[in-house]
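Asks: Shown below is the structure under consideration.
The values are calculated or read from the model by the stated rules, or taken from the named source; none is laboratory data. What you see is a predicted model, and the numbers here were worked out from it, not measured in a lab. Virtual Cβ from ideal backbone geometry, glycine too; neighbours counted across all protein chains shown.
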Amino acid sequence: MQKNKVLEKNSEKRTKCIVYTRVMGYHRPVESFNIGKKGEHKQREQFIESKNCL
């Protein structure tokens, strides 16, 4: 099934997703950031910490 058809088929089930990030020890929604902070957030490198890192 093509991507557009999947999106159209499930459009009534879609809801807004709020993304949070940790800033200076606090969890804040990314949508409340100013333009500069949103740009910094997009440039961040995502990683998954290995379980046996110690």
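Asks: Here are ASN34, ASN10: which of them is surrounded by fewer than 10 Cβ atoms within 10 Å (Cβ to Cβ), on the phi < 0 side of the Ramachandran plot and either over 18 Å from the mean Cα position of the chain (by Cα) or of a type in the set (Ser, Thr, Tyr) (or both)?
Replies: Working: ASN34 fails: either over 18 Å from the mean Cα position of the chain (by Cα) or of a type in the set (Ser, Thr, Tyr) (or both).
Of the residues listed, the single one that is surrounded by fewer than 10 Cβ atoms within 10 Å (Cβ to Cβ), on the phi < 0 side of the Ramachandran plot and either over 18 Å from the mean Cα position of the chain (by Cα) or of a type in the set (Ser, Thr, Tyr) (or both) is ASN10.
Asks: Here is a further query. Taking segment 1-34 as the region of interest, how many residues are hydroxyl-bearing (Ser, Thr, Tyr), under 19 Å from GLN46 (Cβ atoms) and not in a strand (DSSP E or B)? Break it down stepwise before answering.
Replies: Pass one, segment 1-34, residues hydroxyl-bearing (Ser, Thr, Tyr): 11, 15, 20-21, 26, 32.
Now restrict to residues that are under 19 Å from GLN46 (Cβ atoms): 20-21.
Still in the list and also not in a strand (DSSP E or B): none.
Residues flagged as hydroxyl-bearing (Ser, Thr, Tyr), under 19 Å from GLN46 (Cβ atoms) and not in a strand (DSSP E or B) within segment 1-34 amount to 0.
Asks: Kindly establish whether CYS53 is of a type in the set (A, V, I, L, M, F, W, C), at pLDDT 80 or above and not in a strand (DSSP E or B). Walk me through it before giving the result.
Replies: Numbers: of a type in the set (A, V, I, L, M, F, W, C): yes; at pLDDT 80 or above: no; not in a strand (DSSP E or B): yes.
When the stated conditions are applied, CYS53 does not pass them.
Asks: Right, next: Could you tell me which residue of segment 13-31 is modelled with the lowest pLDDT, considering only residues that are hydrophobic (A, V, I, L, M, F, W, C) and surrounded by 10 or more Cβ atoms within 10 Å (Cβ to Cβ)?
Replies: VAL23
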